[in-house]
Amino acid sequence: MRQLSPKRKMIVAVVVCTMISFNMWVLHYASSTHDLEPPSGRWFETQYLRLEEREPAREGLLLLEGYSNPRLTLRMWCTVESAVRAHPHLPVSLLMTASVIKENALLHNMTSQFSNLHVLHLNLSQLFHGSLLEAWYTQNKWKDSYWPQSHLNDGIRWMLLWKYGGIYLDLDAIVVRSLAHLPNCTARESDNYVAAGALKFSQGHPVICACLHHLAHYFSGTVWGANGPELLTQVLIDRCGLELPSDRVPGCPDVTVLPPRAFYPLPWWEWRRYMQEDPALAYDLLNDAQVYSLHMWNLHTRHKPVLLTSNQIYALAAHALCPTTVAHAGLTM
C-alpha cells in the first residue's frame, strides 16, 4: 500500500478533526440552542406545538415551568402525571413561560389520557399587570439577584395563588394522594421554616396578599430561599402569630401549618435517601395517609440517575404514581 507523505497525513488529520468538531457542534446545537429558541418555518411547525394562551382555571391545581424551556424532563412529567392522577376532578394547569412545547409521544399520551390536564402559555406581563408586584416585574427588580430566574419564579408562585387560588406544586414533587380536601395550608420543612413547594390557598387570601406585599418591599436577591420559604415563614409569624415548631397559627384560624411529613417526609439534607434502594421505606412513604407528596429536591437530585429497574425510592414511587411516564422512559429517568 502506498504510504502517505507527511504533508498529506497532516492534511487528512486536519480534515478529520474539522469534521469531528463540526459534528460535535451540530449535536450540541441541536440539543441545546434549538430546544431553547426553536426557529420559525416548517421544521418548527413539525417539532414544536404552540401553546394556547389563556388563564388557568380558578381553584384548580397549578404547576409551573418558569425557565422558558420548551421541554419537560421525564421527572417533571412524573410530577404532572401524579398530580392529574390524584386529582381527576380538578383542572390541572401546566403553565409554561415558553410559548411552545416540544412535541413527543409522551406529551400526546398525557393530554389524550387525562382530560383534566391543560398545558398553557403563561403571559407574565398579563399576570403581573395591576398587581402589587407590577413595578417589581416591569422594572426588572427581580434581576438584582444571584438567582434571577428562580426568584422571578417565587414572584410568579405568589401571583398565581393570589390571582387564581388552588393548589400550587413545584415540578419536583410527586403526588401520593389528593390534596383537594385540605384547608388553606402549607407545611413546615424544618424546625425553623415552613416551605413553599406545596401550597393550598383560596383565591385572594390575605396571607398570599401579604406575601406579595412583603416581596415588593423586602425583596432579597442574596439568599436562595429569601423569597420563598423565608418570606412565607415571616409573613405567617407577623400576620398569624406562627409558633415554631408547634405549627400553631392562632391569628389565622383558616390557615393550617402541616408537619413536614405531609409534603417533605425526607428533608432536603436527606435527599440522597430518595436515590438509595430501600423498598421498606418506599412502602412506608407511599402507604402513610399522612404523606401527600414527596418533594424530590431537584436542586440536589437532578444529576443522580433514577434506575427504573432498581429498588430506589424514587424509582418505586415513579412506578406507582406516574406509570405512563415510566413506560416512555426506558431504563432511567
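The values are calculated or read from the model by the stated rules, or taken from the named source; none is laboratory data. Computed from a prediction, not measured in an experiment: that's the story for all the values here. Please note: Cβ atoms are built from the backbone with ideal geometry, for glycine as well, and neighbour counts cover all protein chains shown.
At-a-glance table
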quantity	calculated
Single unsatisfied condition, Leu120 versus (1) more than 15 Å from the chain's Cα centre (by Cα); (2) closer than 16 Å to Leu90 by Cβ	(1)
Selected residue [crowded, with 24+ Cβ neighbours inside 10 Å and either β-branched (Val, Ile, Thr) or closer than 15 Å to Arg261 by Cβ (or both)] from Ile156, Ile167	Ile167
The range 138-162, subset over 16 Å from the mean Cα position of the chain (by Cα) and in a loop (DSSP other than H, G, I, E, B), residue farthest from Cys322 (Cα to Cα)	Gln139
Hey, Leu4 modelled with pLDDT under 95, loosely packed, with under 11 Cβ neighbours inside 10 Å and either more than 29 Å from Lys143 (Cα to Cα) or basic (Lys, Arg) (or both) or not	no
Filter result for Ser145 (of a type in the set (Ser, Thr, Tyr) and surrounded by fewer than 20 Cβ atoms within 10 Å (Cβ to Cβ))	no
Residue, surrounded by the most Cβ atoms within 10 Å (Cβ to Cβ), within the range 45-95, restricted to residues that are hydrophobic (A, V, I, L, M, F, W, C) and more than 21 Å from His295 (Cβ to Cβ)	Leu51
Qualifying residue in the range 182-191 (condition: aliphatic (A, V, I, L, M) and under 26 Å from Ala320 (Cα atoms))	yes
Test: residue in the range 163-183 that is over 19 Å from the mean Cα position of the chain (by Cα), assigned to a strand (DSSP E or B) and in contact (Cβ under 8 Å) with a residue 24 or more places away in the chain	no
Single condition Ala105 does not satisfy, out of (1) surrounded by 17 or more Cβ atoms within 10 Å (Cβ to Cβ); (2) aliphatic (A, V, I, L, M); (3) under 23 Å from Val326 (Cβ atoms)	(1)
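Results for (1) of a type in the set (S, T, N, Q); (2) farther than 20 Å from Gly225 by Cα; (3) touching a residue at least 60 places away in the same chain (Cβ under 8 Å), shown as yes or no for each residue.
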| site | (1), (2), (3) |
| --- | --- |
| Val257 | no, no, yes |
| Glu270 | no, no, no |
| Tyr274 | no, yes, no |
| Val291 | no, yes, yes |
| Leu294 | no, no, yes |
| Leu316 | no, yes, no |
| Ala327 | no, yes, no |
